[in-house]
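The values are calculated or read from the model by the stated rules, or taken from the named source; none is laboratory data. Since the structure is predicted, the reported quantities are computational estimates derived from the model, not experimental observations. Note: ideal-geometry Cβ built from the backbone for every residue, glycine included; neighbour counts use all protein chains shown. When the accessible area is computed, the model is the full protein with side chains, heavy atoms only, and any ligands, DNA or RNA have been set aside. Shrake-Rupley method; radii C 1.70, N 1.55, O 1.52, S 1.80 Å.
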Amino acid sequence: MIQPQIHFLGDSALLCNLPPPATLPHQQRIWSIADEAASWPEVSEVVPGMNNLTLILRRPVVDMKVVTKRILDTWAHVDVSHIAGREIEIPVVYGGADGPDVDIVARHTGLSSKEVIQRHSAGEYIVYFIGFMPGFAYMGGLEPTLATPRRDEPRLSIPAGSVGIGGEQTGIYPLASPGGWQLLGKTSLPLFDPTQTPPTLLRPGDRVRFTVERIAK
């Protein structure tokens with residue numbers, strides 16, 4: 001079993017970091033440790049990321065060896081069997097003005113635009129973590145043939161609900177923002193609503209499928 005490297009961030013936070021590549025088993029272990037560590041009295045906040053976990057402590061660390069040992073012991077023995085995300089379908093209007101980069105992905109991958117949409121909507125994706133902005137889910141599970149680098153020049157404004165590919169991941173912009181992912185389409189589902197509890201539609205561990213609402217010209 002790969003052990004995380006522990007890095008102290010000042011005297012009141014620490015980062016548990018795994019070497020790449022990010023894998024679902026490692027991510028599941030990170031989620032489980034985050035759940036357990038959130039109940040530790042010395043921890044005020046847990047921040048699970050892609051292949052890493054940050055713990056914010058209530059007070060400065062007195063004995064780093066004690067904290068490090070607790071993390072490593074938990075890593076080795078934590079129960080990950082209870083991890084079971086929800087299944088969520090997200091309807092997408094692919095192509096057209098909402099998916100201006102379908103042809104770019106097609107040229108990069110050597111596929112037709114139709115094949116790009118078919119393969120993207122055929123996959124099952126796992127939410128690895130929420131980051132970048134409230135409700136932005138970084139999802140693994142993209143078919144390797146669809147992997148496409150981010151744009152050389154990010155757009156200054158991307159509409160909320162835009163579905164895109166960034167490298168080997170896919171994701172949805174929950175809010176209008178600048179961004180550099182290749183856009184394939186758009187969903188009308190709200191991804192972030194601060195009046196709801198929880199405010200984000202997607203959570204780490206959820207299994208997501210994109211369905212073709214229609215293909216725009």
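Any idea how far the Cα center of the range 161-217 sits from the one of the range 1-62, in Å?
With the range 161-217 and the range 1-62 each reduced to a Cα centre, they are spaced 26 Å.
If you take the charge dipole of the chain about its Cα centre, with +1 on Lys and Arg Cβ and -1 on Asp and Glu Cβ, which of 178, 195, 2 is farthest toward its positive end?
So the residue we want is 178.
Could you please put 133, 139 in sequence from largest to smallest accessible area, using a 1.4 Å probe?
Descending accessible area places them as 133, 139.
About its Cα centre, what dipole magnitude does the chain give when the only charges are +1 on Lys and Arg Cβ and -1 on Asp and Glu Cβ, stated in debye to the nearest 20?
200
Would you pull out the residues with amide H under 5 Å of residue 170's amide H, same chain only if 5 or more places away, H placed 1.01 Å from N?
139, 142
Using a 1.4 Å probe on the protein chains only, how many percent of the accessible area of the range 102-165 belongs to carbon and sulfur?
So the carbon and sulfur contribution to the accessible surface is 54 percent.
How large is the accessible surface per residue of the range 42-188, computed with a 1.4 Å probe and reported in Å² as a whole number?
About 48 Å² of surface per residue is accessible.
Counting pairs of alpha carbon atoms under 8 Å apart in space and at least six apart in sequence, what relative contact order in percent does the range 1-83 give?
Relative contact order comes out at 32 percent.
Per residue of the chain, what 222 nm ellipticity follows from adding -39500 (n - 2.57) for every DSSP H run with n ≥ 4, rounded to the nearest 500?
Rounded to the nearest 500, the figure is -6500 deg cm²/dmol.
Given H placed 1.01 Å from N in the peptide plane, which residues other than close sequence neighbours of residue 49 have an amide H under 5 Å from its amide H?
The answer is 54.
Length gain on complete extension for the stretch residue 66 to residue 176, per 0.36 nm per residue less the alpha carbon to alpha carbon distance?
Full extension from residue 66 to residue 176 adds 35.2 nm.
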